[in-house]
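The values are calculated or read from the model by the stated rules, or taken from the named source; none is laboratory data. Since this is a predicted model, take the numbers as computed values, not measurements. As a convention, Cβ positions derive from the backbone with ideal geometry for all residues, glycine included, and neighbour counts pool all protein chains shown.
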Amino acid sequence: MKIDIFIRGIALSAIAIVVASCAAPDTQHHVVISTREQKLALLDQGNLMAIYPVSTSKFGLGDFRGSNRTPLGELQVADKIGDGAAPGTVFKDRRRTGEIIGVDAPGRDPIVTRILWLSGRESQNANAYVRTIYIHGTPEERNVGRPASYGCIRMRSSDIINLYEIVGRGAQVTIVDLPLAAVVPALNPANQLGAGSPIGGTASVSSR
């Protein structure tokens with residue numbers, strides 16, 4: 001009887017994995033990251049939902065293995081890790097260590113809270129997945145808003161939780177070395193001239 005229950009449990013787990021892998025990709029949301037401004041814009045069907053401060057690599061831009069640089073171009077969310085984790089939950093090799101640390105904990109700089117694992121869609125970012133380039137939470141929130149990472153895109157815990165809850169696997173991620181306004185039409189004042197209302201719903205944008 002116990003063996004039957006165990007086998008059924010394994011079968012249900014396998015089914016869950018297959019269903020998750022077959023889930024439709026998120027084509028509704030688009031994440032745009034400006035390394036020049038150290039900001040991330042979240043779009044919903046082209047409409048601007050929110051802007052968050054981020055921290056990209058302190059070593060610059062690129063995709064060479066071992067470079068610790070942030071890749072540019074078109075990527076996507078390949079995996080999501082950290083469902084339900086408390087803010088400050090420490091991850092090592094994408095597994096929870098059981099430790100929770102506070103904001104700006106002295107001498108600590110692990111990956112915390114949530115992970116969005118990115119994969120590249122172009123030759124210029126083809127190594128992103130094997131380089132484990134993430135959008136993830138950081139305890140070093142004092143450094144968010146300036147380049148300070150080792151290649152990943154860092155966010156405050158509260159912000160990565162918000163983003164994680166909205167964005168699904170397969171969502172488009174664009175990383176540019178340009179101002180957000182150059183690639184997000186709703187942020188370009190020239191596109192709003194003569195408009196009766198803000199384009200793209202920018203009136204409801206929450207800048208954090």
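This table checks each residue for (1) within 23 Å of Val183 (Cβ to Cβ); (2) in a loop (DSSP other than H, G, I, E, B); (3) within 18 Å of the chain's Cα centre (by Cα).
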site	(1), (2), (3)
Gly66	no, yes, no
Leu75	yes, no, yes
Ala78	yes, no, yes
Ala85	no, yes, yes
Thr97	no, no, no
Ala105	no, yes, no
Thr113	no, no, yes
Ala128	yes, yes, yes
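Among residues of segment 111-137 being crowded, with 19+ Cβ neighbours inside 10 Å and among the basic types (Lys, Arg), the one that is farthest from Ser149 (Cα to Cα) is Arg114. Of all residues in segment 130-165, those that are at negative phi, in a loop (DSSP other than H, G, I, E, B) and not hydrophobic (A, V, I, L, M, F, W, C) total 8.
Evaluated against (1) modelled with pLDDT under 95; (2) of a type in the set (Lys, Arg); (3) crowded, with 17+ Cβ neighbours inside 10 Å, Arg108 falls short on exactly one condition, (3).
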